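Here the structure comes first, spelled out in structure tokens, and everything after it is commentary.
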């Protein structure tokens with residue numbers, strides 16, 4: 001693809017993305033008022049408070065306020081999930097904890113074999129197509145881990161790139177009826193870094209918010225000052 005068509009394609013995708021976001025933001029505001037979450041809105045989460053995971057939602061659900069028992073149906077972070085889709089992500093977290101907490105080699109954690117199986121079944125996974133890609137990716141993750149450990153903080157998307165939109169691409173947490181964060185399986189490796197290092201606060205993007213806390217959630221997950229945008 002030459003430069004001009006590629007630029008036009010990128011611009012088109014950007015316009016479509018922003019259009020979907022604008023429609024979601026407007027519909028949420030009309031339905032729930034000014035306290036409704038914005039799609040990909042940045043929140044600040046204490047990862048040590050997260051005890052549950054939920055793989056029910058997809059990116060086009062992010063920013064929604066939902067009633068029902070979805071939060072009570074979330075699964076414990078410490079236990080192997082029931083569904084294969086959830087297990088595929090949960091295994092990544094466990095491998096990271098074994099490697100960074102216990103010093104187990106990446107290969108011995110089983111993550112290489114796990115990703116190779118996913119590649120065989122579904123093609124490119126986490127940007128990897130081969131064992132070489134996997135080894136390179138996890139070498140880079142070690143480098144990032146060392147930086148995060150030295151700085152004692154995870155960077156927001158705005159700090160990582162001049163070209164960003166809110167916290168799109170960040171770790172995803174849903175918010176349950178008790179104002180507890182529920183990990184949404186987006187950002188497994190960064191979440192595992194935060195757990196291992198013991199970070200008290202990390203930037204994330206809001207996923208789904210339970211209706212019971214629709215008027216309370218933002219104050220609970222906001223950070224005073226300029227970094228709260």
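Given (1) closer than 30 Å to residue 36 by Cβ; (2) surrounded by fewer than 20 Cβ atoms within 10 Å (Cβ to Cβ); (3) touching a residue at least 12 places away in the same chain (Cβ under 8 Å), where does residue 191 come up short, assuming only one miss?
Of the numbered conditions (1) closer than 30 Å to residue 36 by Cβ; (2) surrounded by fewer than 20 Cβ atoms within 10 Å (Cβ to Cβ); (3) touching a residue at least 12 places away in the same chain (Cβ under 8 Å), the odd one out for residue 191 is (2).
Which of the residues belonging to the range 143-161 are touching a residue at least 12 places away in the same chain (Cβ under 8 Å) and part of a helix (DSSP H, G or I)? Spell out the reasoning first.
First, pick out the residues of the range 143-161 that are touching a residue at least 12 places away in the same chain (Cβ under 8 Å): 144-145, 148-149, 152-158.
Hits for the range 143-161 are 144, 145, 148, 149, 157, 158.
Among the residues of the range 104-116, is any surrounded by 12 or more Cβ atoms within 10 Å (Cβ to Cβ) and either in contact with a strand residue (DSSP E or B) (Cβ under 8 Å, 6 or more places away or on another chain) or in contact (Cβ under 8 Å) with a residue 60 or more places away in the chain (or both)?
Yes, the range 104-116 contains at least one residue that is surrounded by 12 or more Cβ atoms within 10 Å (Cβ to Cβ) and either in contact with a strand residue (DSSP E or B) (Cβ under 8 Å, 6 or more places away or on another chain) or in contact (Cβ under 8 Å) with a residue 60 or more places away in the chain (or both).
Looking only at residues in the range 76-101 that are assigned to a helix (DSSP H, G or I), free of Cβ contacts under 8 Å to residues at least 24 places away in the same chain and out of contact with any helix residue (DSSP H, G or I) (no Cβ under 9 Å at 6 or more places or on another chain), which one is farthest from residue 185 (Cα to Cα)?
84
Looking only at the range 27-47, decide whether some residue is at pLDDT 95 or above and part of a helix (DSSP H, G or I).
yes
Check residue 22 against each of (1) more than 17 Å from residue 221 (Cβ to Cβ); (2) modelled with pLDDT under 90; (3) touching a helix residue (DSSP H, G or I) at 6+ places or on another chain (Cβ under 6 Å) and name the one condition it does not meet.
(3)
Please work out which residue is nearest to residue 200 (Cα to Cα), limiting yourself to the range 49-65 and to residues that are modelled with pLDDT of 95 or more and not in a loop (DSSP other than H, G, I, E, B).
49
Based on what the data block shows, is residue 203 modelled with pLDDT of 95 or more and either more than 17 Å from the chain's Cα centre (by Cα) or crowded, with 16+ Cβ neighbours inside 10 Å (or both)? Don't jump to the end; show me each part of the working.
Details: modelled with pLDDT of 95 or more: yes; either more than 17 Å from the chain's Cα centre (by Cα) or crowded, with 16+ Cβ neighbours inside 10 Å (or both): yes.
So residue 203 fits the description; yes.
Looking for something touching a strand residue (DSSP E or B) at 6+ places or on another chain (Cβ under 9 Å), closer than 24 Å to residue 222 by Cβ and free of Cβ contacts under 8 Å to residues at least 60 places away in the same chain - is there at least one such residue anywhere in the range 30-51?
Looking through the range 30-51, at least one residue is touching a strand residue (DSSP E or B) at 6+ places or on another chain (Cβ under 9 Å), closer than 24 Å to residue 222 by Cβ and free of Cβ contacts under 8 Å to residues at least 60 places away in the same chain.
The values are calculated or read from the model by the stated rules, or taken from the named source; none is laboratory data. Only a predicted model underlies this, so the values are computations on that prediction, with no experimental measurement involved. Virtual Cβ from ideal backbone geometry, glycine too; neighbours counted across all protein chains shown.
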